1. Of all residues in segment 136-155, which are surrounded by 17 or more Cβ atoms within 10 Å (Cβ to Cβ) and either in a helix (DSSP H, G or I) or not charged (D, E, K, R) (or both)?
2. Test each condition in (1) in contact with a Lys or Arg (Cβ under 7 Å, 6 or more places away or on another chain); (2) at positive phi for G124 and report the one that comes out false.
3. What are the pairs, 6+ residues apart or on separate chains, where a residue within segment 87-106 that is touching a residue at least 12 places away in the same chain (Cβ under 8 Å) has its Cβ under 8 Å from a residue that is of a type in the set (D, E) and in a helix (DSSP H, G or I)?
4. Within segment 278-319, track down each residue that is closer than 30 Å to I258 by Cα and without any contact (Cβ under 8 Å) to a residue 40 or more places away in the chain.
5. Identify all residues within segment 282-332 that are in contact with a helix residue (DSSP H, G or I) (Cβ under 8 Å, 6 or more places away or on another chain) and among the β-branched types (V, I, T); write none if there are none.
6. Which one is surrounded by the fewest Cβ atoms within 10 Å (Cβ to Cβ) among residues in segment 181-205 that are on the phi < 0 side of the Ramachandran plot and small (G, A, S)?
Amino acid sequence: MTKFKPFIVLAAVLFAVTLVVPALLVIPFTEGTVSGKLGEELKQDAKTEKTAEIPQGPAIEVGVYRLAQKKIETVPLEDYIVGVVASEMPAEFEKEALKAQALAARTFIVEQMLNENKADLPEGALVYDTVVHQVYKNENELKQVWGPDYKWKIQKVREAVNETRGQILTFDGSPITASFFSTSNGFTENSEAIWPNSVPYLKSVESKWDLQSPKFNGRAVYTVQEFEKKLGVKLPNDSTIGNVTERTAGQRVAKVEINGKVVSGKDIREKLGLKSTDFTWERKGDNIIINTEGYGHGVGMSQYGANGMASEGKNYKEIVSHYYQGVEIAASDQLLTKITAKK
């Protein structure tokens with residue numbers, strides 16, 4: 001009996017191996033679900049590892065100078081975008097419009113990060129929390145503003161930001177100046193009508209959706225004395241005020257001749273605090289009544305126009321492509337990597 005023991009053991013081992021080997025071959029394909037070919041799975045794994053090397057989220061922070069509190073608040077990049085979108089655009093707007101706003105806000109701050117000139121900002125701050133740069137409110141402030149609507153509004157804004165995460169607008173490979181405003185007069189404006197330089201992607205385009213904006217019409221009333229003082233002009237003794245001598249590409253007032261003095265529409269808007277450079281006026285007794293169409297400087301993306309486009313089924317890519325001519329939607333990863341490398 002003893003001389004057959006080794007053969008019995010060997011037979012038992014061989015039998016066990018025949019059971020274990022098939023199990024080993026099956027295990028990798030039974031744990032979890034297989035969503036594609038093996039080659040595709042390997043490519044996805046490699047891509048995941050590469051993406052993990054790129055600093056995102058909390059690794060990139062924004063120093064926001066809170067003017068009211070006179071202090072710097074350091075915020076993770078994507079949280080900052082949420083705070084800007086929530087502050088700059090009504091949460092009631094269509095999600096695709098909110099996504100377009102998120103793209104503009106992220107592009108603005110990435111461009112600001114790359115800008116070496118931080119003049120007039122306190123040490124450690126990147127932006128102000130006002131219209132000087134972009135309006136920003138944190139969660140506690142939004143809870144106060146929104147009250148019982150906070151939960152659904154913040155969720156909607158966060159979804160819009162997350163669905164555009166890592167995306168910015170570029171022209172010739174660089175982040176654009178992603179300017180935006182509330183409501184146009186039916187057309188956006190060429191950049192050179194407001195600012196010194198002509199920017200190729202900031203050109204006048206039709207924006208018919210703005211005609212339905214609740215902010216489309218505006219009115220201001222000044223006494224003749226106030227009008228003359230603010231503009232530094234002297235009105236004629238008759239009932240006239242001045243004549244428009246030139247209009248912009250966006251059909252706004254470029255220049256006005258007032259009793260021999262030429263004043264730009266931009267200066268008139270700023271000095272009188274008008275909502276738009278598309279205005280008409282009339283003199284009634286000692287008062288001058290000024291009616292405006294549109295709200296804001298008119299350059300770049302109209303927010304109410306974006307919402308109108310979204311209401312008609314346009315997505316955020318179509319919206320930004322309309323308002324920013326010839327731009328591309330690009331990943332911000334490489335630029336953010338450069339920013340962190342400088343620190």
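Computed from the coordinates by the stated procedures, all read-outs in this text should not be read as laboratory data. From a predicted model like this one, the values you see are computed outputs, not experimental measurements. Note: ideal-geometry Cβ built from the backbone for every residue, glycine included; neighbour counts use all protein chains shown.
1. Y136, N138, L142, K153, I154
2. (1) is the only condition that G124 fails.
3. A91/D149; K95/E159; Q101/E88; A105/E88
4. F279, T280, K284, G285
5. Correct list: I288, I290, V299, I319, V320, V327, I329.
6. So, considering only residues that are on the phi < 0 side of the Ramachandran plot and small (G, A, S), the one surrounded by the fewest Cβ atoms within 10 Å (Cβ to Cβ) is S198.
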